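Only one structure is covered here, and it is reproduced in the block below.
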Amino acid sequence: MLKAAILGIVEGLTEFLPISSTGHLILAGELLKFNDERGKLFEIVIQSGAILAVIWEYRARIAAVLGGARHDPAARRFILNLAIAFCPAAALGFLFSKAIKAHLFNAPVVASMFIIGALVIMWAERRQHSIRVQTVEEMSPLDALKVGCAQAFALVPGTSRSGATIIGGMLFGLSRKAATEFSFFLAIPTLIIASLYSLYKDRALLAADDLGIWVVGLLFSFVSAFFCVRWLLRFISSHSFMVFAWYRIVFGIIVLLTWHYGWVNWVDS
């Protein structure tokens with residue numbers, strides 16, 4: 001139960017920040033010795049708790065979009081954009097998920113991607129931004145496809161799904177707020193479908209005795225993500241993402257050093 005609570009908090013706090021929730025969960029799972037096939041499934045499915053936090057935070061807006069899908073062209077375009085943005089990562093994940101889990105779910109890869117991702121964030125933040133899309137409602141299908149392609153890079157653990165979509169969106173002309181909000185909304189179909197697919201594919205790993213840890217993991221993931229989303233929306237109104245870039249570099253170096261010198265017994269997942 002304690003391990004489930006810790007992993008739930010880690011998931012909720014990192015899912016929507018550009019610091020890679022998957023990378024943190026892999027490292028936390030290794031430290032807690034909960035990194036077997038059952039642990040990997042748990043790490044994926046508790047993402048649903050974080051997604052429920054976004055759904056709750058944007059419940060009025062989501063209800064308005066779904067309610068207006070029949071007669072409101074803007075609502076239909078928004079749903080279409082989410083569908084388009086979802087496809088690249090979904091297709092690549094379906095084709096290569098086994099290879100990715102077999103070869104990339106380990107501390108050295110995660111730590112290296114922390115650092116590489118940080119350098120990308122620094123480069124993006126220091127560029128001159130040309131903003132042509134202020135809100136998610138102004139996005140075109142082509143904008144959505146570009147953000148979806150950026151999200152596909154997050155299949156490599158340690159990259160960060162939110163980081164890839166937010167920074168990618170900013171590079172493609174979205175405002176910081178529009179890129180962040182679209183990243184939140186895109187997480188809903190992406191992570192829910194990924195969780196359901198993993199549950200179906202690995203259903204043999206499910207056991208009634210594990211119900212308690214699932215409930216605890218989802219609950220802690222929901223609560224921590226709820227506060228994190230609210231904090232991030234306030235933070236981006238007056239700050240850049242540079243602090244997250246420096247965090248990624250420091251954290252990545254620490255993991256690489258502990259792995260290289262054997263200070264921490266990182267075991268390849």
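Per-structure values
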item	result
Whole-percent carbon and sulfur share, accessible surface of the stretch 1-261, 1.4 Å	72 percent
The stretch 147-263, relative contact order in percent, only Cα pairs under 8 angstrom and at least six apart counted	15 percent
15 Å reach of a label modelled at Ile62, 7 Å along Cα-to-Cβ, counting backbone N of the stretch 175-192	181-192
Cα-based shape type of the stretch 67-208, given that a ≥ b ≥ c are square roots of the gyration tensor eigenvalues and the cut on a/c is 1.5	oblate
Under 30 Å from Lys101, Cα to Cα: lysines that are on another chain or at least 8 residues apart	Lys3, Lys33, Lys40, Lys146, Lys201
Environment charge at Leu119 (Cβ cut-off 12 Å; Lys +1, Arg +1, Asp -1, Glu -1)	+1
Residue-normalised accessible area of the chain, expressed per residue, 1.4 Å probe, Å²	48 Å²
Area of Phe78 that stays accessible when all protein chains are in place (1.4 Å probe, Å², to 10)	30 Å²
Accessible-area order (highest first, 1.4 angstrom probe) of the listed residues Ile79, Ile236	Ile79, Ile236
Given charges at beta-carbon only (K, R positive; D, E negative), |dipole| of the chain in Debye	540 debye
Fully extended contour minus Cα-Cα distance, from Ala91 to Lys33, at 0.36 nm per residue	17.8 nm
Average projected area [Cα convex hull, the stretch 1-261], square nanometres	13.7 nm²
Binned Cα-Cα distance frequencies in the stretch 36-85 - 10 Å width, integer %	23, 34, 27, 14, 3
DSSP-assigned coil residues among chymotrypsin sites (Phe, Trp or Tyr not before Pro) in the stretch 86-131, each with at most 14 further Cβ atoms within 10 Å	none
log10 of Debye I(q)/I(0), alpha-carbon scatterers only, for the stretch 1-135 at 0.14, 0.18 Å⁻¹	-0.90, -1.22
Cα extents of the stretch 184-224 along the three principal axes, largest first (Å)	33, 25, 7
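The values are calculated or read from the model by the stated rules, or taken from the named source; none is laboratory data. Just so it is clear, the structure is predicted and the values come from calculations on it, not from any experiment. We place every Cβ from the backbone using ideal geometry, glycine too, and count neighbours over all the protein chains shown. Side chains are part of the model used for accessible areas, which takes the heavy atoms of the whole protein and leaves out ligands, DNA and RNA. Shrake-Rupley method; radii C 1.70, N 1.55, O 1.52, S 1.80 Å.
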